[in-house]
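Down below is the structure, laid out as structure tokens.
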Amino acid sequence: MNRRNHKIYIAGHRGMVGSAIRRRLEAKGCKNLICRSHGELDLMRQQDVEDFFEKERPEFVFLCAAKVGGILANSTYKAQFIYENLMIAANVIHASYKCGVKKLLNLGSSCIYPRGAPQPLKEEYLLTSELEPTNEPYAIAKIAAIKLCRYYNEQYGTNFMSVMPTNLYGLNDNFDLETSHALPALIRKLHLAKLLSQKDYIAINNDLEKYGNKLPEDSTAGRELITKHLAGFGIHADKVMLWGTGAPRREFLYADDMSDACVFLMENYDANNTGEFINIGAGKDITLNELADMISQITGYKGRIEWDNTKPDGTPKKLLDITRIGGKGWKAGISLEKGVEKTYEWYVNNV
């Protein structure tokens, strides 16, 4: 994938990782990128996907499209998470095989690892014990995609590799309070709490409007509605309530670092050089309590942070072993603090 005229399809180009990969490829001078929105191509419809591949004939594929969400969304929409992710992966991988795609990179998730696996998580720990119950449907779909790539390689001689990123964040992240992951949810909750403490109801409503929650802010009753709506997500003028204990440790990787790793692997390695799949991470973790304190400082939030320990924590610790990709000469370049600053700046400027 070194020639600028190669046809490259990015499935999920509007998502956080897909958009970062697109920026990375454009910066390298790639001119023949193929992108389709969900409205233009429903990846859950097999015939539509096969027709698209037959018409466009991409040479390289980045499979980034997925239904994703945090612990609340995973616990609420279990059937959707397993069905939609299974269908997307099966359709894109099979169509890539049928149309002779030279190389495919499948984006997985570190939630594939067993809840009680030793830390840091090595690639060989896959399927050695039970999964974390709160994200099992999503994890099963992602494991199925890994196995599809592996078995297509073995049976058909394809060159389909899978990568397992740690927790990702960055520009174009999902900040919806019902479906977002921990880090973007923290950014938005603390930002809204700051605005609420400043009684900046207009700014709050501008934020809410993006997610279809606009409320009248120009009256006492309207402001009470806003306050009640935010309280439903644990957001108050003087405190923010968060799920769990704050003790779980998580590793975070900036999406632009992830895109750099994906393009690096696509250009330099084949599936048989990476094993069944390869971890991509930063090599460091942090407690969610420490992360909340960091984001408080970056957003300028001055109130309290309280933890609701009646809610689940999820996996106690999740840190990837990145020895394999480190041995290939790649490492992350953006610190967590700098990445959060960039993400918060993007969020404020895009609400």
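The values are calculated or read from the model by the stated rules, or taken from the named source; none is laboratory data. The model shown is predicted, which means the values in this text are computed figures rather than measured ones. Neighbour counts run over all protein chains shown; Cβ positions are idealised from the backbone, glycine included.
Observations on the model:
- Where a residue in region 94-107 is farther than 13 Å from Asn153 by Cβ and its partner, wherever it lies, is part of a helix (DSSP H, G or I) and β-branched (Val, Ile, Thr), with Cβ under 8 Å and at least six apart: Ala95/Val49; Leu107/Val17
- Boolean, Ala193 is crowded, with 17+ Cβ neighbours inside 10 Å and under 30 Å from Leu320 (Cα atoms): no
- Every residue from region 172-198 that is part of a loop (DSSP other than H, G, I, E, B) and either modelled with pLDDT under 95 or closer than 21 Å to Gly283 by Cα (or both): Asn172, Asp173, Asn174, Phe175, Asp176, Leu177, Glu178, Thr179, Ser180, His181
- Leu107 vs. criteria under 19 Å from the mean Cα position of the chain (by Cα), within 30 Å of Glu54 (Cβ to Cβ), at pLDDT 95 or above and not hydroxyl-bearing (Ser, Thr, Tyr): yes
- Counting only residues that are in a helix (DSSP H, G or I) and surrounded by 15 or more Cβ atoms within 10 Å (Cβ to Cβ), region 318-339 holds 4 of them.
- Taking region 39-71 as the range and being more than 17 Å from Ile93 (Cβ to Cβ) and either touching a Cys at 6+ places or on another chain (Cβ under 7 Å) or in contact (Cβ under 8 Å) with a residue 24 or more places away in the chain (or both) as the test, the residues that pass are Val68, Gly69, Gly70, Ile71.
- Every residue from region 206-215 that is surrounded by fewer than 17 Cβ atoms within 10 Å (Cβ to Cβ) and either of a type in the set (Gly, Ala, Ser) or part of a helix (DSSP H, G or I) (or both): Asn206, Glu209, Lys210, Gly212
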